[in-house]
Amino acid sequence: MMGWMRRGLAVVAAVGLVCMGGCGGSSMSTPPPAMSVTLGSSTVVVPQDGTPVTVSVTISNASGTATVTVPALPAGVTEQFTPVGSGPSGTLTLTGSAQAAAGSYSPAVAVSTPNQNASAPFTLVSAVVAKVGSGVDTAMGINGVLKEFMSTSFQVAEWDGDYFGGANASSLESTMTAMGPQHIRLQTVSQGVAMSTNTGTAADWNFTIMDQTVQPVLASADHSPEFQIATAPAWMCFSNGQLDVADHVNDFAAYSANLVRYYNKGGFDWGGTHFQSPSGLPITWWGIFNEPNGNWISASQYVTIYNAVVPAMLAVDPTIKFSAIEYSDYGLRTGDGGDPMTYLPTFVAPANAGGANAQVNIVSTHFYSSCDQSNPDTQLMASVPQFAANVSYFYQELKTRPDLADVPVWVTENNVNADYEGANGMSTCNPNQVFVDDHRGTSAFFAAWRPYVFSALGKAGNQALYQWAYDGDQQYGEVDTSGNTYLSYWVDKTLATLYPSTPSSAGPKILELTATDTTTVETLATQNADGSVTVMVDDHAVASATDNNGAGSPRTAIVDLSALGNFSSASVLTIDTTTSPTTGPATAVTVTPAARMTVNVGGYGVAWLLLKP
């Protein structure tokens, strides 16, 4: 037994010695450092036009051959990793295409060896590429010229008739003039209609409410408003407000002629009283009726009205000009009450076949993106190409008559939402729901929407774009009732400034341009007479299909100017959610001119690249 025990002790000791030696050696060793990956840039902008972009990839402490991949690239972007030298590090080349939807993505560079894995996340921006050509695009605008001017509107009535009253009237006029509107539209309704009865006495006429707005507007801006005779005096109408065309069309013509006398020809006498505009400033432009299709006037009745009223007014002053139809426009090719295809052909029919036979200087229409505040941003943005299609249709129909072939189209009402509060606070368009102001008319949404509308309509040949209305709430206004500016004021002022089109200057030329994305970004390149170039990048990308007055989705655009040669200076002017409604956009930021220039918009908004030769 003793012998056996001794042998056991010997075994244990040997094991103990081995253990002591092995454990002691392990505690003294250092584990190898972990593999790491570092990228040369945390953000990589990949153009949609196939221009490759490289980024350095530094791989440290790799044990064995490293494999480099980018497993979460968006569809339409390809990768290629190229080692540099004998080590595992190298360059990653990313190549995009128009199939890679514009926007930001969050992939990662993944590196693996037989025993190690590491990754480095980065932001990949799929960038829209707008390539500007050196030629004029004669298919756009009016033979390649952007002839679209900006303007605004007033509804002249008892609820809005004294905006310019008070001690700060001069300041209010100056603010409006500074915006640069042309032919400001004056729509007279309700008690703003100067004639109320037909008793033959002086009490039949009262110009007080009308002139509270008309006279300041005549004294402001271009001193040449468009006076829209929006409706007939109540005594000429049925109980629902519809003009009784059969019995009173000639009375309406005589009333309209007296308005011309009042403003342009020294006034008129009625009931022993002389009525005459106090300023003596004439009104050249006149609109005949407002949205007749929405006010129970058929197409043939409107032709009857127009053919009676215009000659009566011209007999008083043969120098005046006319805006026809002023259509409530929606639903092209739907066949419903707002489809111009159900109305316009009657007006442009040959004069000897029931069409208009009186002077036509312009044909006007109205566009709104919605009549329901609950409609999402996607629906409102999607309406804009439809506006352009309607303008094209108007020109198509006008060209069917040689005497109307060169008549311009004006959009004399435009805003995000046409709805307004009705009885008991309910929506007028949707009587079963409570009316809610649509603040998209003055938010950053508008900074994306209105320039998009301006560009799309201008390319289609539209020659005037009017805001509805100048003073109002956050749904409609450019200023509030005290004259404080909204963001919409600065958007429209900037459009008027950057794209001047006046009777003495036709407007800038529209340059050829191709873009890899026309669904979320609107681009427009124009050239002024002095050779300067303006490139608009409008970001109307919606972040979520359910957004209602959302923030939008950021977009990056690469503007390729290589066809235009060199420029001496460049700057970028931006209007977006950071723009002050009180002071307007910040000063344009100076940038270095280059053949390819990057423009960023961080959500709903617009940026202009301004280039000097």
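The values are calculated or read from the model by the stated rules, or taken from the named source; none is laboratory data. For clarity, every value in this text was computed on a predicted model and none was experimentally measured. Reconstructed Cβ throughout: ideal geometry from the backbone, glycine too, with neighbour counts over all protein chains shown. What goes into the accessible areas is simple: the full protein's heavy atoms, side chains included, and nothing from ligands, DNA or RNA. Shrake-Rupley method; radii C 1.70, N 1.55, O 1.52, S 1.80 Å.
Run the reach check for Lys509 against lysines, Cα to Cα strictly under 21 Å, same-chain hits fewer than 8 apart removed. What comes back?
Here the lysines satisfying the reach criterion relative to Lys509 are Lys131, Lys147, Lys459, Lys493, Lys612.
For segment 96-103, take each phi angle, set θ = phi - 60°, evaluate the Karplus expression 6.51 cos²θ - 1.76 cosθ + 1.60, and give the result in whole Hz per residue in order, putting x for glycine and proline.
Ordered by residue, 3J(HN,Hα) equals x, 8, 5, 6, 8, 3, 4, x Hz.
Please give the Cα centre distance for segment 539-584 versus segment 213-283, rounded to the nearest Å.
44
Below 8 Å, C-alpha to C-alpha, sequence gap of six or more: please give me the relative contact order for the chain in percent.
13
Can you tell me, using C-alpha contacts under 8 Å and at least 6 residues apart, the relative contact order of segment 58-141 as a whole percent?
Rounded, it is 29 percent for segment 58-141.
Would you mind classifying segment 453-567 by shape? Square roots of the alpha carbon gyration tensor eigenvalues, ordered a ≥ b ≥ c; an a/c under 1.5 is rounded, otherwise it is prolate if a/b is larger than b/c and oblate if not.
oblate
At 7 Å along the Cα-to-beta-carbon direction for both Glu79 and Ser134, put a label point, then send me their distance in nm to one decimal.
A separation of 4.1 nm, rounded to one decimal place.
Accessible surface of Ile209 in the full protein assembly, 1.4 angstrom probe, to the nearest 10 Å²?
Accessible surface of Ile209 is approximately 40 Å².
Mind listing the long-range amide H neighbours of Cys237? Cut-off is under 5 Å, sequence gap 5 or more, other chains count too, H placed in the peptide plane at 1.01 Å from N.
Asp244
Looking at segment 346-505, send over the antiparallel percent of its DSSP beta bridges, to the nearest 5. Working shown, then result.
On the way: 4 of 13 bridges.
Counting only bridges with both partners in segment 346-505, antiparallel ones make up about 30 percent.
Using the per-residue mean of other Cβ atoms lying within 10 Å as a proxy for protection, in what order, highest first, do the peptides 97-104, 82-89 fall?
97-104, 82-89
Tabulate in residue order the Karplus-calculated ³J(HN,Hα) for segment 163-171, using 6.51 cos²θ - 1.76 cosθ + 1.60 with θ = phi - 60°, rounded to whole Hz; enter x for Gly and Pro.
Computed from phi, the couplings for segment 163-171 are 4, 8, x, x, 6, 9, 4, 4, 5 Hz.
Taking the 0 to 90 degree range and rounding to the nearest ten, how far is the long axis of helix 299-316 tilted relative to the main principal axis of the chain, both from C-alpha atoms?
Rounded to the nearest ten degrees, it is 60.
Whole Å is fine, so just give me how far the alpha carbon centre of segment 373-417 lies from that of segment 64-140.
41
Would you please put 346-354, 438-446, 247-255 in order of how densely packed they are, using the mean number of other Cβ atoms within 10 angstrom per residue and starting with the highest?
Ranked from most to least packed, the peptides come out as 438-446, 247-255, 346-354.
What ³J(HN,Hα) values, in whole Hz, does the Karplus curve 6.51 cos²θ - 1.76 cosθ + 1.60 give for segment 89-95 when θ = phi - 60°, with x put for Gly and Pro?
5, x, 10, 9, 9, 10, 10
Between helix 487-498 and the chain, what is the angle of the helix's C-alpha long axis to the longest principal axis, kept within 0 to 90° and rounded to the nearest 10?
80
Quick one: which residues, 5+ away or cross-chain, put their amide H under 5 Å from the amide H of Ile142? H built at 1.01 Å from N.
HN-HN under 5 Å from Ile142: Lys147.
So if each residue of separation counts as 0.36 nm, and I subtract the Cα-Cα distance between Glu421 and Thr54, what length gain in nm does that give? It would help to have the intermediate numbers written out before the result.
On the way: separation 367, 0.36 × 367 = 132.12 nm, distance 5.64 nm.
Here the answer is 126.5 nm.
Is segment 488-541 rounded, prolate or oblate when judged by the Cα gyration tensor, a ≥ b ≥ c being the square roots of its eigenvalues, rounded requiring a/c under 1.5 and prolate requiring a/b larger than b/c?
Since a/c reaches 1.5 but b/c is at least a/b, the shape of segment 488-541 is classed as oblate.
Based on DSSP, what percent of beta bridges with both residues in the chain are antiparallel, to the nearest 5?
In the chain, approximately 65 percent of DSSP beta bridges are antiparallel ones.
Based on the Cβ-Cβ distance from Thr577 to Ser544, what FRET efficiency comes out when R0 is 22 Å, to the nearest 0.05?
0.85
Please list Thr378, Thr534 from largest to smallest accessible area, probe radius 1.4 Å, with all protein chains kept in place.
Largest to smallest exposure gives the sequence Thr378, Thr534.
Mind running the shape call on segment 280-376? Use the C-alpha gyration tensor, a ≥ b ≥ c as the square roots of the eigenvalues: rounded below 1.5 for a/c, prolate if a/b tops b/c, oblate otherwise. Mind showing how you got there, number by number?
Values: a/c = 2.82, a/b = 1.50, b/c = 1.87.
Note, shape of segment 280-376 comes out oblate.
Would you mind computing, in nm to one decimal, how far apart the modelled labels at Ser86 and Ala246 are, each placed 7 Å from Cα along Cα→Cβ?
Distance between label points: 10.4 nm.
Modelled label-to-label distance, Lys612 and Ala34, 7 Å Cα→beta-carbon offset: nm?
5.4
What are the residues whose amide H is under 5 Å from the amide H of Val45, where those residues sit 5 or more places off or on another chain and H is modelled from the backbone?
For Val45, the qualifying residues are Val125.
What ranking, highest mean first, results for peptides 450-458, 547-555 when packing means the other Cβ atoms within 10 Å averaged over each residue?
Packing proxy ranking, top to bottom: 450-458, 547-555.
Report the FRET efficiency, 1/(1 + (r/R0)^6), for Ala108 and Ala588, where r is their Cβ-Cβ distance and R0 is 41 Å, rounded to 0.05.
0.65
Calculate, in nm to one decimal, what Ala595 and Thr319 gain on full extension: separation in residues at 0.36 nm each, minus their alpha carbon distance.
94.3 nm
What is the angle, in °, between the Cα long axis of helix 444-459 and the longest principal axis of the Cα atoms in the chain? Nearest 10 is fine, range 0 to 90.
So the inclination is approximately 60 degrees.
Could you report the accessible area of Trp608 in Å², rounded to 10, computed with a 1.4 Å probe on the protein chains as they sit in the structure?
Surface open to solvent at Trp608 totals about 0 Å².
Across segment 195-299, what fraction of all alpha-carbon pairs, as a whole percent, falls in each successive 10 Å bin from zero upward?
Over segment 195-299, the share of Cα pairs per 10 Å bin runs 13, 44, 33, 9 percent.
Quote the convex hull volume per residue of the chain, based on C-alpha atoms, as a whole number of Å³.
237
Give the residues of segment 460-503 whose amide nitrogen is closer than 17 Å to a point set 7 Å from the Cα of Ser171 in the direction of its Cβ.
479-486
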